[in-house]
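Undergrad: Quick one: the structure is below, and I'll ask about it shortly.
The values are calculated or read from the model by the stated rules, or taken from the named source; none is laboratory data. Predicted, not measured: the structure shown is a model, and the values here were computed from it. When we count neighbours, we look across all protein chains shown, and the Cβ atoms used for this are built from the backbone with ideal geometry, even at glycine.
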Amino acid sequence: MQSVTRFCKKASDILERLCLIGAGALLVINLLDVMLGVFARFYRPPMWTTDLARITLVWMVMLAGAPALKRGEHMAIRIIVDRLPRVPQKIVAVLRRLVFAGILIFMVVYGYNYAYKLRLFTIMTLGIKKNIPLMSIPVGMALMLIQYSLQQFIPFDGKDESAGEDAS
């Protein structure tokens, strides 16, 4: 069991690092693009800057979702659950995990289906297919689902807020 925990912790750390690197790179691209759009307004602004800014922003947020989940930075309202007796708290915790995983799976499947349906349309200013920005939803949700699944095998020790119980 120790080797499974170690593997999940390492995989979780690698996934977090890769997502943050990707989100950071998109942030830089987004900032440069917005600055170009602002300064170019005095001359002849490129038409594609707004579309590129939207796409990089959405992808950046979706990539950063998995690390935020790992660190417990998603909102959770626990005021009622914390006042329940021990057994109902455990039942609510199991139900919460199942519902959260179900929502992530739902978003992966339906996000992919929606992006697939729009694969024939093109964003004219950038010359790319419309499903490229739309794929950010299933990809981001799949990364969150992987991170969430890995976190279930990493014991919560109280020191690291990113593990187990506080991950959703």
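Undergrad: With the requirement that a residue be over 22 Å from the mean Cα position of the chain (by Cα), among the hydrophobic types (A, V, I, L, M, F, W, C) and either in a helix (DSSP H, G or I) or within 30 Å of ALA25 (Cα to Cα) (or both), what does region 61-86 give you?
TA: Of everything in region 61-86, just one residue is over 22 Å from the mean Cα position of the chain (by Cα), among the hydrophobic types (A, V, I, L, M, F, W, C) and either in a helix (DSSP H, G or I) or within 30 Å of ALA25 (Cα to Cα) (or both), namely VAL81.
Undergrad: Looking at region 1-21 only, could you name the residues that are among the hydrophobic types (A, V, I, L, M, F, W, C), surrounded by 14 or more Cβ atoms within 10 Å (Cβ to Cβ) and touching a residue at least 40 places away in the same chain (Cβ under 8 Å)? So that I can check it myself, show each step before the final result.
TA: Looking only at region 1-21, we keep the residues that are among the hydrophobic types (A, V, I, L, M, F, W, C), and these are 1, 4, 7-8, 11, 14-15, 18-21.
With surrounded by 14 or more Cβ atoms within 10 Å (Cβ to Cβ) added as a condition, the list becomes 8, 11, 15, 18-20.
If the condition is that a residue be among the hydrophobic types (A, V, I, L, M, F, W, C), surrounded by 14 or more Cβ atoms within 10 Å (Cβ to Cβ) and touching a residue at least 40 places away in the same chain (Cβ under 8 Å), then CYS8, ALA11, LEU15, CYS19, LEU20 are the ones that fit.
Undergrad: While we're on this one: Considering every residue within region 22-44, establish whether at least one is surrounded by 13 or more Cβ atoms within 10 Å (Cβ to Cβ), modelled with pLDDT under 95 and more than 25 Å from the chain's Cα centre (by Cα).
TA: Yes, region 22-44 contains a residue that is surrounded by 13 or more Cβ atoms within 10 Å (Cβ to Cβ), modelled with pLDDT under 95 and more than 25 Å from the chain's Cα centre (by Cα).
Undergrad: Sticking with this one: Pick out the one residue from PHE121, PHE100 that is over 19 Å from the mean Cα position of the chain (by Cα) and either at pLDDT below 95 or within 29 Å of LEU57 (Cα to Cα) (or both).
TA: Among PHE121, PHE100, only PHE121 is over 19 Å from the mean Cα position of the chain (by Cα) and either at pLDDT below 95 or within 29 Å of LEU57 (Cα to Cα) (or both).
Undergrad: Quick check, is ALA115 in a helix (DSSP H, G or I), within 15 Å of ALA142 (Cβ to Cβ), in contact with a Pro (Cβ under 7 Å, 6 or more places away or on another chain) and of a type in the set (A, V, I, L, M, F, W, C)? It would help to see each step written out before you state the result.
TA: Numbers: in a helix (DSSP H, G or I): yes; within 15 Å of ALA142 (Cβ to Cβ): yes; in contact with a Pro (Cβ under 7 Å, 6 or more places away or on another chain): yes; of a type in the set (A, V, I, L, M, F, W, C): yes.
Yes: the conditions hold for ALA115.
Undergrad: Somewhere in region 92-105, is a residue in contact with a helix residue (DSSP H, G or I) (Cβ under 6 Å, 6 or more places away or on another chain) and either in contact (Cβ under 8 Å) with a residue 40 or more places away in the chain or under 22 Å from GLU16 (Cα atoms) (or both)? Show your work before the answer.
TA: Applying the first criterion (in contact with a helix residue (DSSP H, G or I) (Cβ under 6 Å, 6 or more places away or on another chain)) to region 92-105 yields 92, 104.
From the residues that got through so far, the ones that are either in contact (Cβ under 8 Å) with a residue 40 or more places away in the chain or under 22 Å from GLU16 (Cα atoms) (or both) too are 104.
Checked against the condition, which is being in contact with a helix residue (DSSP H, G or I) (Cβ under 6 Å, 6 or more places away or on another chain) and either in contact (Cβ under 8 Å) with a residue 40 or more places away in the chain or under 22 Å from GLU16 (Cα atoms) (or both), region 92-105 yields at least one hit.
Undergrad: Filter region 47-82 down to residues that are more than 19 Å from LEU20 (Cα to Cα) and in contact with a helix residue (DSSP H, G or I) (Cβ under 6 Å, 6 or more places away or on another chain) and give me whichever is surrounded by the most Cβ atoms within 10 Å (Cβ to Cβ).
TA: From region 47-82, those more than 19 Å from LEU20 (Cα to Cα) are 47-52, 75-82; that's our starting set.
Now drop any that are not in contact with a helix residue (DSSP H, G or I) (Cβ under 6 Å, 6 or more places away or on another chain), which leaves 49, 52, 81.
Values: THR49: 19, LEU52: 22, VAL81: 13.
Top of the filtered list is LEU52.
Undergrad: What is the one condition in (1) surrounded by fewer than 17 Cβ atoms within 10 Å (Cβ to Cβ); (2) modelled with pLDDT of 90 or more; (3) over 30 Å from PRO46 (Cβ atoms) that LEU145 does not satisfy?
TA: Answer for LEU145: the failing condition is (1).
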